[in-house]
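Colleague: What follows is a single structure, and I will ask about it in a moment.
Bear in mind these aren't lab numbers, they're just calculated from the coordinates by the rules spelled out. Keep in mind that what you see is a predicted model, and the values were worked out from it rather than measured. So basically every Cβ, Gly included, is an ideal-geometry build from the backbone, and we count neighbours across all protein chains shown.
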Amino acid sequence: MEKAATRYGKILSSDHYELKAMGRTGFWSMPHTLRAKAYQHIIHSIESTSTTADLDTYHGIVRKLFGELQTSTHPFPKFMEDGEIPRYCLNKAGLNSVKKILICINHHFPDVSFCPILSALVSLLLHFSEDEAQCFHSICSLVSYTDPKKHYIDRTFLTSRALCMTFGDLANKYCRGIRKLIASSHQNLFEFYSDWIMWIFADLPFTYAIRVLDVYLMEGYKVLYRVALALLSFYKVCVSSRVAHVDDFRQDMKSFVQNVGRHSTIDALLQRAFSIQLPTRKELTYLFNANKDALIHKDIHNKSSYQAMDFRAFRSSVVTETEMRVIWAWIPERFALFSPVQLFSTNIHGRSLFSFYSKVEGHDPTVLLLKTEDEEICGAFLSSDWAQKNCDEKGFKFFGTGECFVFTVSNVQCCRSLGCLTNVIPLIRNKLSQTKDMSLHHSAHCQPSNSWQEMMRHFLLVSCFFIFNDMKVCGLYPAGGDDGHALHLQADLTAGSSEHCDTFESPPLCKGCFKIQSLEVWGIQHSLSVPPLLSQ
């Protein structure tokens, strides 16, 4: 084993990408002094893009707030959600130091109104700081980091909640099924996902949390998505066999993370985390901004202004309230903020395709639900307005984005989402490499666009999932239309068919051919302006 001095020399001589690899493998995890030196080296590089306080700033604030005795009777800062400080092996004096640093941060950054992870970060970094002043200095560097491509700490409930929603969207893609378990139990998904970052910086054991801190300091917020998704994937396996006995998923997840050592080593956890192929930082930023805009649209600026969705007045001839609650949990977070409103029903508006279009056009997104005469239930989430139909040279009409998905509902216990963005990223990136100089309407019947670069400007790239419709047929088809029709409806809306679809990776949603007992289309209660980068 190399001596600590030799390892530290390698750290000092390594570039960003080499340090990133070192952090992931725990290169500086032992001894304690080596990690402390590594952290200060990394934070020094962060300072180059930060407007931070020097060490004397802390002593000045301490004298002003606490006087010569340097003891605190101040309340905990407002940005702490519950006033608890993770102990992380700290003694009473250490916990008092953490509180003092947090109060000084609150004084130095009065605009930080909501940031529950700050107490955990201070507690962790204090272990690897020479004194309180150095720890304060390190935290200030993270809070004031200005690089738009990577950030560390959020300052308000709005941005924190938008990140929770973004994590929820990612969890819906990478950890299918967990949302169904929670939604079908009528427990609050908002509260469950609001804890996601606290799983890491509060609930994880100390030895796990500092390994995550190693990579967090190098890579920023994106790594937290990875680790939280890995924790969720392990939890899904653990809870599946005992779901009937879970009364509170939020508390159950907290207990699972606190005892994660029973289920995974830290190396296995990080290996799982970095095996997840997340979207790019730019793509995640677009989704984050869309989620933030949705919160602003619904006037949610603090925790007290959030209201859980009320499905008690929901009425449908296709699905039950509980089944709709599960379906609503699958759709993107920015839309799930709003209540469902019925746009079309064959029981009310008849079975004319003309009437169907007249009721649903002008609305996005929408959820299509149908029940067959054999009592089979299936449907689709359609992310674009039905009016956005574009003809190709053959007269076909396609529209949609990569957020479209199809699903079946046999009963609430086996409601399943299919084909939500499964293969879209590698497929589109492959097409990008083949069509760099072509406009989008020349490839795969994609929507018209000015250049191939614009293709990269849509969240998770654009869709391989498109809807084809005219006054003769209506259906959900893949981009090329040659790998099976996920759903095909006759123009009189009395019958349809479903096939295995490679694009959606979905088996037939119902028996091959079926007669329609009832069909409905649901929209969201309020119109929501989606940024141009997401609307195509």
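Colleague: Quick check for segment 46-144: number of Lys pairs with alpha-carbon distance under 15 Å, counting only pairs 8 or more apart or on different chains? Walk me through the intermediate numbers first.
Modeller: Details: Lys64/Lys100; Lys78/Lys99; Lys78/Lys100; Lys92/Lys100.
Lysine pair count for segment 46-144: 4.
Colleague: Starting from the Cα of Lys254, draw a straight line to each of the aspartates and glutamates and keep only those under 19 Å, dropping any in the same chain fewer than 8 residues away.
Modeller: Straight-distance partners of Lys254: Glu81, Asp82, Glu84, Glu191, Asp195, Asp203.
Colleague: Here is a further query. Say each of Asp111 and Ser305 gets a label point 7 Å from the Cα, pointing the same way as Cα to Cβ; how far apart are those two points in nm?
Modeller: According to this spin-label approximation, the distance is 1.8 nm.
Colleague: So between Lys92 and Ser14, what do we pick up on full extension, going 0.36 nm a residue minus the alpha carbon distance?
Modeller: Contour length minus the Cα-Cα distance gives 24.3 nm.
Colleague: May I ask you to order 370-379, 321-330 by the average number of other C-beta atoms within 10 Å around their residues, highest value first?
Modeller: Numbers: 370-379: 18.8, 321-330: 21.1.
Highest mean packing first, the order is 321-330, 370-379.
Colleague: If each residue of separation counts as 0.36 nm, what is the full-extension length gain between Ala313 and His245 once their alpha-carbon separation is subtracted? Mind showing how you got there, number by number?
Modeller: On the way: separation 68, 0.36 × 68 = 24.48 nm, distance 2.82 nm.
Between Ala313 and His245, full extension yields an extra 21.7 nm.
Colleague: Starting from the Cα gyration tensor of segment 134-269, take the square roots of the eigenvalues, sort them a ≥ b ≥ c, and report rounded, prolate or oblate (rounded when a/c is under 1.5, otherwise prolate if a/b is larger than b/c, else oblate). Before the final figure, lay out each step's value.
Modeller: Working: a/c = 2.18, a/b = 1.54, b/c = 1.42.
Prolate, since a/c reaches 1.5 and a/b exceeds b/c.
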